[in-house]
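This report concerns only the one structure given below.
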Amino acid sequence: MNARAPAIHDHLASLSDTTRSRILLLLDRQELTVSELCGIIQLPQSTVSRHLKALADGGWITARAEGTSNLYAITRDLDGAARRLWLLVREHVGPSAAATQDQRRLQSTLAERRSKSQEFFSSSAGQWDRLRDELFGDRFHLAAMAAFADRDWTVGDLGCGTGQVSAALAPFVARVIAVDASSAMLQAAKKRLHQFDNVELRRGELEAIPIDDARLDAATLMLVLHHLPEPERVLAEVARALKPGGRLVIVDMLPHDRETYKQQMGHVWLGFSEEHVQRSLRDSGFGEITVVPLSPDVKAKGPGLFVATAQKHMPSRKHEDTKKS
Ligand SMILES: C[S@@+](CC[C@H](N)C(=O)[O-])C[C@H]1O[C@@H](n2cnc3c(N)ncnc32)[C@H](O)[C@@H]1O
C-alpha cells in the first residue's frame, strides 16, 4: 500500500537540500529576484529557478510581480510544523561558511539595488557614478591607491604568480622583489613586467624566502596563504625579510565550504577566519593587525575575501638600552 506521506515528510524533503535552505535563509529576510539570487548563491539561473519551483510547490515561498521581474519571499503564514522545522534548519544552516558568504554577497546586492534606485530617481550623484564608470571604468581608483606606497620602498610580492601586484606597485616604488616557486608563473610574470627595470624576479619557496634579513619595507601575500601547509612558518619568514616596522598586506579567502578547490587548485585551507589570521600574525612577530572583509564584487564567482594588514614589531626600547649600556 502506498499511503500519502504525512506533510512533515514533504517539508523534510524540501529542506534536505542545502541550496534550498540557503535560498530560504536569504528569502527569510527580504524579497529577491531570481537574478539577484543567482549572483548571491553563485549558481546558474536554471538551477536557482528549479529550486525556487520546488520551494513554491512545497508552499515555502511566494512570488509577486514587480515591473518585468518576480520578487520571491518566504511564505509569512507557514503552518506550525513547517515553521518549527524551518527555525531548526535555520539555526543550523545560518552559521555555515556558505550561508555566511551568502550574507556578505547579499549586502553587496542590496547596496547595488540602492544605488540603482538612486540612479532611477536621477539624483546628480547617481548620474555621476554611471558617467564615471562609462568614461573611466570602475577600477582605476583602486590601481591608483598603490601611489600611497613610499617611493623609496623595496616591496616583496611573495607568491607573485603572473605579476599583477608587482605591475601595480612598480610605477610607484623604488624596487619590487617578486618571488614564486613556479617557473611557469615566473615566465608569465617576466612577460607582463618586461617594461619595468625596478622589478626583480626570484624563484624560491616562501618557507625559505630568497631575500636577506630586514631587506623589505613592505610585503604582500596576495591569494597565497591558502596554498601553504604551514602559514605561520611563512609569516615568520616574511617577518625575517621585513625591516622592523615593515608592513605586510595579506588578501585571502574568508571561510568557505568549496572542498573541490583542494583537488582542482591545490588549496590546503578552505579560507581563514578573522581570529585565525589575527592569531597567526601575532604569533609570527606582527602587531598593529587589522582584518577587514572586502566588499564582494557581485560579478565574482569565488568566495568572499578579506584584507589583513600588520606591522613587524619594532625592537623594544628596553632591548636597545641594554645593548647600548
Ligand atoms: C593563486 S596564485 C596568486 C598569484 C598572485 N599573488 C595573484 O594575486 O595573482 C598563488 C601563487 O603562489 C605560489 N605559491 C604557492 N605556494 C608557494 C610556496 N610554498 N612558495 C612559493 N610560491 C608559492 C604559486 O606558484 C602561485 O603562483
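The values are calculated or read from the model by the stated rules, or taken from the named source; none is laboratory data. Treat the numbers as computed from the prediction; the structure is a model and nothing was measured. When we count neighbours, we look across all protein chains shown, and the Cβ atoms used for this are built from the backbone with ideal geometry, even at glycine. Heads up: the accessible areas ignore ligands, DNA and RNA and are worked out on the full protein's heavy atoms, side chains in. Shrake-Rupley method; radii C 1.70, N 1.55, O 1.52, S 1.80 Å.
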Log entry, pairs with first residue in region 153-181 being touching a residue at least 24 places away in the same chain (Cβ under 8 Å), second being more than 13 Å from the ligand (Cβ to nearest atom) and among the hydroxyl-bearing types (Ser, Thr, Tyr), beta carbons closer than 9 Å, six or more apart or on different chains, reads 173/154; 174/154; 175/154; 176/154; 177/154
Among 135, 110, the single one that is open to solvent by less than 50 Å² (accessible area, probe 1.4 Å), aliphatic (A, V, I, L, M) and more than 26 Å from residue 235 (Cα to Cα) is 110
| Do we have any residue at all in region 32-49 that's over 27 Å from the mean Cα position of the chain (by Cα) and free of Cβ contacts under 8 Å to residues at least 60 places away in the same chain? | no
Only one of 277, 251 is open to solvent by less than 80 Å² (accessible area, probe 1.4 Å), touching a strand residue (DSSP E or B) at 6+ places or on another chain (Cβ under 7 Å) and not in a strand (DSSP E or B), namely 277
>> outside any helix (DSSP H, G or I) and touching a residue at least 40 places away in the same chain (Cβ under 8 Å): is that true of residue 211 in this structure?
In response: yes
The lone condition residue 302 fails out of (1) closer than 27 Å to residue 18 by Cβ; (2) in a loop (DSSP other than H, G, I, E, B); (3) of a type outside the set (Asp, Glu); (4) more than 13 Å from the ligand (Cβ to nearest atom) is (4)
Condition set in a helix (DSSP H, G or I), near the ligand (Cβ under 7 Å from one of its atoms) and touching a strand residue (DSSP E or B) at 6+ places or on another chain (Cβ under 6 Å), scope region 153-208, selection most open to solvent (accessible area, probe 1.4 Å): answer is 165
Going by the conditions given, is residue 239 touching a residue at least 24 places away in the same chain (Cβ under 8 Å), in a strand (DSSP E or B), under 21 Å from residue 155 (Cα atoms) and among the hydrophobic types (A, V, I, L, M, F, W, C)? no
The one condition residue 273 fails out of (1) out of contact with any Cys (no Cβ under 8 Å at 6 or more places or on another chain); (2) within 15 Å of the ligand (Cβ to nearest atom); (3) among the small types (Gly, Ala, Ser) is (2)
